[in-house]
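The values are calculated or read from the model by the stated rules, or taken from the named source; none is laboratory data. All values reported here derive from a predicted model rather than from experimental measurement. In this analysis, Cβ positions are derived from the backbone assuming ideal geometry, glycine residues included, and neighbour counts consider all displayed protein chains.
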Amino acid sequence: MPGRVMERTMAKMLIPPVQLYGLYVIAHGENGPGGGFQGGVILGASLILYVLVYGLEAGKKRISRGTRDFLLPCGALIYVGIGVACLLAGGNFLEYSALPLGNPKHATHLGILGVEIGIGITVAAVMITLFFETARQDEE
């Protein structure tokens, strides 16, 4: 598609900073606006932009169905895993201060960060999967 040079060039320039911003929003969600959901939406939107510019087949090569199927439960398992780790450490579900990671403030920070990462992975994977499934149905 030679007529799409400008779109491809702009996408190459925009997608990496958008993804970096999505990771920033996930990582700093406990201290300001944002978090796992918002960062996951930003990451998912960046991959959807890639598919819109480069096409569905190129997008399937970039993130395969197997990868999407792996990422969908992965984030939820991280979330639940941190909650179970809190239970095993003697606290309540998602009582981060019970985690044996040094002082309770440090454990709370790391626990929240882990949960935000899990949520971000799940939200991005759901967005991408919904987009691919909708695009697939449009092709049929």
First in the stretch 92-113 and touching a residue at least 24 places away in the same chain (Cβ under 8 Å), second anywhere and among the β-branched types (V, I, T) and in a helix (DSSP H, G or I), Cβ under 8 Å, 6 or more apart:
G111/I82
The stretch 83-128, subset under 10 Å from G36 (Cα atoms) and among the small types (G, A, S), residue farthest from the chain's Cα centre (by Cα)
G114
Whether any residue in the stretch 98-115 is crowded, with 20+ Cβ neighbours inside 10 Å, in contact with an Asp or Glu (Cβ under 8 Å, 6 or more places away or on another chain) and assigned to a helix (DSSP H, G or I) is what I want to check.
no
Those residues of the stretch 77-97 that are surrounded by fewer than 15 Cβ atoms within 10 Å (Cβ to Cβ) and of a type outside the set (V, I, T) come to a total of 7
Within the stretch 18-38, can you find the residues that are at pLDDT below 90, more than 12 Å from the chain's Cα centre (by Cα) and not charged (D, E, K, R)?
H28, G29, N31, G32, P33, G34
So E7, is it of a type outside the set (V, I, T), surrounded by fewer than 13 Cβ atoms within 10 Å (Cβ to Cβ) and without any contact (Cβ under 8 Å) to a residue 60 or more places away in the chain:
no
Can you tell me how many residues within the stretch 129-140 are surrounded by fewer than 17 Cβ atoms within 10 Å (Cβ to Cβ) and either closer than 25 Å to V80 by Cβ or within 15 Å of the chain's Cα centre (by Cα) (or both)?
2
